[in-house]
Number of protein chains: 2
Amino acid sequence: MAASKEQELGNQLNLKLDSNGLITAVTVDADTREVLMVAFMNKEALEKTMATGKATYWSRSRQKFWVKGEESGNTQQIVSVTIDCDQDAVVLKVRQKGAACHNGFESCFYRQIVPVAGGGGGGLELKTIAAPLMDPDKMYKKS
Amino acid sequence: MAASKEQELGNQLNLKLDSNGLITAVTVDADTREVLMVAFMNKEALEKTMATGKATYWSRSRQKFWVKGEESGNTQQIVSVTIDCDQDAVVLKVRQKGAACHNGFESCFYRQIVPVAGGGGGGLELKTIAAPLMDPDKMYKKS
């Protein structure tokens, strides 16, 4: 099989990393199938995720591994991990404990993009379509 | 509301673009809720998507707008678009016509990451978990 065919259709894990050494991770609730969050992984974060069964990302802002829920207790237990055709994105199906979003919402995608009400000019705005599950001020330990 | 609070909890669309002017787009089948693909959008691609109701991405490899299905006929009709807390990712719920993946699969995520069978050494490999819906050689017009 040619290299690109093997990458797309073969059984070898051969991540297509971006210029920062990362792939995109989309995390989905295994039961409700809602998309909970989008984050990044490097190769080691993916290996840790597979080895421990706990969703582990690479935090770009903190430049370190980020075991989801380590601080908040809102862990993500891995059910399955799938990878896309060109191997630059994975989907994690997880059992989410509590809220996935640091703002206390079940999912980070709690706002819908809609046309500005009565605008007529084609502008877009956001409409909140969910209520928080938890008080974000109580999710994290205060230092 | 402080700027960051407004970004995360307000109703103003204020995309957090990466260094290439892009956000991540996760496309989900509105009926089955399967993640179909992950791609990128710039601000204009998002505006075109909202204005036309047809999923429109920014192709990084071709550096141009990419109206999904324009060539293959496998279009994506928008049902809803949601945005995440820091406004750097959107979820498109769509009605997918045909296959979302250029390899003929319904979803690009047709392979699961699994431990190497009988490996014991902790290696990972891919296992194909879906069958193609269509013959990819018949999806695109030959030039």
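Quick rundown of the values:
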{"item": "Rounded accessible area of residue B:41 (nearest 10 Å², 1.4 Å probe)", "result": "0"}
{"item": "Copy-to-copy label separations for residue B:67, where each label sits 7 Å from Cα toward Cβ, in nm and ascending", "result": "5.0"}
{"item": "For residue B:130, inter-copy label distances in nm, listed shortest first [label point 7 Å out on the Cα-Cβ vector]", "result": "2.2"}
{"item": "For the protein assembly as shown, calculated [θ]222 nm from helices alone, where every DSSP H run of n ≥ 4 adds -39500 (n - 2.57)", "result": "-3500 deg cm²/dmol"}
{"item": "Pairwise centroid distance, computed over Cα atoms, of segment A:69-143 with segment B:1-62, Å", "result": "14"}
{"item": "About the Cα centre, charge dipole magnitude for chain A (Lys/Arg +1, Asp/Glu -1 at Cβ), debye", "result": "440"}
{"item": "Label 7 Å beyond Cα on the Cβ vector: residue B:118 copy-to-copy distances, nm", "result": "7.2"}
{"item": "Kirkwood hydrodynamic radius of segment A:74-143, from inverse mean 1/r over distinct Cα pairs, in Å", "result": "15.0"}
{"item": "Degrees, to the nearest 10: B:43-52 long Cα axis against longest axis of chain B", "result": "80"}
{"item": "Rotational relation A to B, axis-closest Cβ in chain A, residue and distance rounded to whole Å", "result": "A:33, 2"}
{"item": "For chain B, convex hull of alpha carbons as volume per residue, Å³", "result": "165"}
{"item": "DSSP-defined beta bridges in the protein assembly as shown - what % are antiparallel, rounded to 5", "result": "80"}
{"item": "Pair residue B:44, residue A:95: separation of 7 Å Cα→Cβ label points (nm)", "result": "4.8"}
{"item": "Qualifying GluC sites (Glu not before Pro) in segment A:15-96, DSSP loop, other Cβ atoms within 10 Å at most 13", "result": "A:70, A:71"}
{"item": "Restraint check, B:5/B:48; A:93/A:138; A:97/A:127; A:48/B:43; A:97/B:127; A:5/B:97, Cα-Cα greater than 32 Å", "result": "A:48/B:43"}
{"item": "Value of Rg/Rh across the protein assembly as shown [Cα atoms, Kirkwood radius]", "result": "0.96"}
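The values are calculated or read from the model by the stated rules, or taken from the named source; none is laboratory data. Since the structure is predicted, the reported quantities are computational estimates derived from the model, not experimental observations. With ideal geometry, Cβ positions are generated from the backbone for all residues, glycine too; neighbour counts draw on all protein chains shown. The protein model used for the area step is the full one, side chains on, heavy atoms only, and it has no ligands, DNA or RNA in it. Shrake-Rupley method; radii C 1.70, N 1.55, O 1.52, S 1.80 Å.
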